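**Q** Quick one: the structure is below, questions incoming.
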Amino acid sequence: EVQLVESGGGLVQPGGSLRLSCAASGFTVSSNYMSWVRQAPGKGLEWVSAIYTGGSTFYADSVKGRFTVSRDNSKTTLYLQMNSLRAEDTAVYYCARDWRKGGFDYWGQGTLVTVSS
Amino acid sequence: QSALTQPASVSGSPGQSITISCTGTSSDVGFYNLVSWYQHHPGKAPKLMIYEVIQRPSGVSDRFSASKSGNTASLTISGLQADDEADYYCCSYSSSSTYVFGTGTKVTVL
């Protein structure tokens, strides 16, 4: 059974850093396209970042230069390193498997990141 | 990376059909056949309802169908049921290898 479980969320001060993890089971992270998607309180879904099978990475303009997506092939884990965090980064962060760019077919339950002093 | 435009809300009575539009540009919806639709109940993980414009994943009711014309994609829910009440989002692959979600539509079953 395919499952994605995020962890690492929490309260962080503006300017701080946090690393999110997404543990995958039932499939291999490195053999799939993977993405991070977030939802700020009261807002809609926003795509954040993607990593493809070849290792190429892509980012939304709102996080480019501050966030880094990576994966640990041996542990089938996806990561999102978030630096220089801002209040507007407060959101529930989901990891999702990307089916050939055509849709995100499996999602985790999300982890809440709160950026506040 | 401007969000795709969806109506804020759509409502219908049980058994009726409703359609949600999703308008983008020639750089996303209009260029790629890579539009997907998601059902999202608050506090839960989004659920893929449609992928690659018109494809329905196994397990998704055939009451859900979709189409695309030019820069606008559409999701139709037929035979509306109470548990269809949720937020719905479209999403498209876009130029520069990014993705853009729609603004979201709240579906209310009257």
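The values are calculated or read from the model by the stated rules, or taken from the named source; none is laboratory data. Computed from a predicted structure; not experimentally measured. Using ideal geometry, Cβ is built from the backbone for each residue, glycine included, and neighbour counts are taken over all protein chains shown. Only protein heavy atoms, including side chains, enter the accessible area calculation; ligands, DNA and RNA are left aside. Shrake-Rupley method; radii C 1.70, N 1.55, O 1.52, S 1.80 Å.
**Q** Can you give the Rg and Dmax of chain B based on its C-alpha atoms, in angstrom?
**A** Radius of gyration, then largest Cα-Cα span, for chain B: 13.1, 41 Å.
**Q** Near A:Ser56, within a Cβ-to-Cβ distance under 15 Å, what is the net charge of the other residues, with Lys and Arg +1 and Asp and Glu -1?
**A** +3
**Q** Continuing with this model, one more query. One-quarter of the Cα convex hull surface for the stretch A:1-100, in nm²?
**A** 6.4 nm²
**Q** Which residues of the stretch A:23-56 bury at least 10 Å² of accessible area once all protein chains are present, versus their chain alone (1.4 Å probe)?
**A** A:Gln39, A:Gly44, A:Leu45, A:Trp47, A:Tyr52
**Q** Quick one: with all protein chains in place, what share of the accessible area of chain A is carbon or sulfur, to the nearest percent (1.4 Å probe)?
**A** 45 percent
**Q** Right, something else. Which of the lysines could a cross-linker bridge to B:Lys68, judged by Cα under 18 Å and excluding same-chain residues fewer than eight apart?
**A** Of all the lysines, those that pass the test against B:Lys68 - Cα under 18 Å, at least 8 places apart if same chain - are A:Lys101.
**Q** At 1.4 Å probe radius, can you tell me the per residue accessible area of chain B in Å²? Intermediate values should be presented prior to the final figure.
**A** Working: 4770 Å² over 110 residues.
Averaged over the residues of chain B, the accessible area is 43 Å².
**Q** Net charge around B:Asp84, counting only other residues with Cβ within less than 14 Å of its Cβ (Lys, Arg = +1; Asp, Glu = -1)? List each step's numbers first, then the result.
**A** Values: positive: B:Lys47, B:Arg63, B:Lys106; negative: B:Asp62, B:Asp83, B:Glu85, B:Asp87.
Charge balance near B:Asp84 sits at -1.
**Q** Could you sort B:35-44, B:85-94 so that the peptide with the highest average Cβ count within 10 Å comes first and the rest follow in order?
**A** My ranking of the peptides, most packed first, is B:85-94, B:35-44.
**Q** Sticking with this one: Using a 1.4 Å probe and counting only protein heavy atoms, how much accessible surface gets buried when B and A come together, both sides summed, in Å² to the nearest 100?
**A** Counting both chains, the buried surface is close to 1900 Å².
**Q** Rounded if a/c is under 1.5, else prolate if a/b beats b/c, else oblate: with a ≥ b ≥ c from the C-alpha gyration tensor eigenvalues square-rooted, which is the stretch B:40-86?
**A** Judged from the Cα gyration tensor, the stretch B:40-86 comes out prolate (a/c at least 1.5, a/b above b/c).
**Q** For the stretch B:85-110, state which residues have at least 10 Å² less accessible area in the presence of all protein chains than in their chain by itself, taking the probe as 1.4 Å and leaving out ligands, DNA and RNA.
**A** Correct list: B:Tyr89, B:Tyr93, B:Ser97, B:Thr98, B:Tyr99, B:Phe101.
**Q** For A:Gly110, what residues show an amide H to amide H distance below 5 Å, using hydrogens built from the backbone and excluding near sequence neighbours?
**A** A:Glu6, A:Cys95
**Q** What do you get when you divide the Cα radius of gyration of the stretch A:1-54 by 2.2 N^0.38 Å, with N the number of residues?
**A** It is 1.33.
**Q** Just the number please: accessible area per residue for the stretch A:14-117, 1.4 Å probe, all protein chains included, in Å².
**A** I get 41 Å² per residue for this part.
**Q** Could you tell me the extents of the protein assembly as shown's C-alpha atoms along the three principal axes, largest first, rounded to whole Å?
**A** Rounded to whole Å, the extents work out to 48, 38, 36 Å.
**Q** Here's another thing I want to ask about it. Whole-Hz ³J(HN,Hα) for each residue in the stretch A:57-73, computed from phi via Karplus 6.51 cos²θ - 1.76 cosθ + 1.60 with θ = phi - 60°, x for glycine and proline: what do you get?
**A** So the J values, rounded to whole Hz, are 10, 9, 9, 5, 4, 5, 10, 4, x, 10, 10, 9, 9, 8, 8, 10, 4.
**Q** Which order do the peptides B:65-74, A:105-114 take when ranked by the mean count of other beta-carbon atoms within 10 Å per residue, highest first?
**A** Per-residue Cβ counts within 10 Å, averaged per peptide and sorted highest first, yield A:105-114, B:65-74.
**Q** Sticking with this structure for a sec: Cα centroid distance between the stretch A:90-117 and the stretch B:1-63, in Å?
**A** First find each Cα centre; the distance between them is then 17 Å.
**Q** How about the stretch A:84-117: which of its residues lose at least 50 Å² of accessible area in the presence of all protein chains relative to their chain isolated, using a 1.4 Å probe?
**A** A:Lys101, A:Gly102, A:Phe104, A:Trp107
**Q** Report, to the nearest whole %, how much of the accessible area of the stretch B:1-74 belongs to carbon and sulfur atoms, 1.4 Å probe, protein only.
**A** Summing carbon and sulfur atoms, their accessible area is 45 percent of the total for the stretch B:1-74.
**Q** For A:Lys43, list the aspartates and glutamates whose Cα falls under 18 Å from its own Cα; do not include residues on the same chain fewer than 8 positions away.
**A** A:Asp61, A:Glu88, A:Asp89, B:Glu85, B:Asp87
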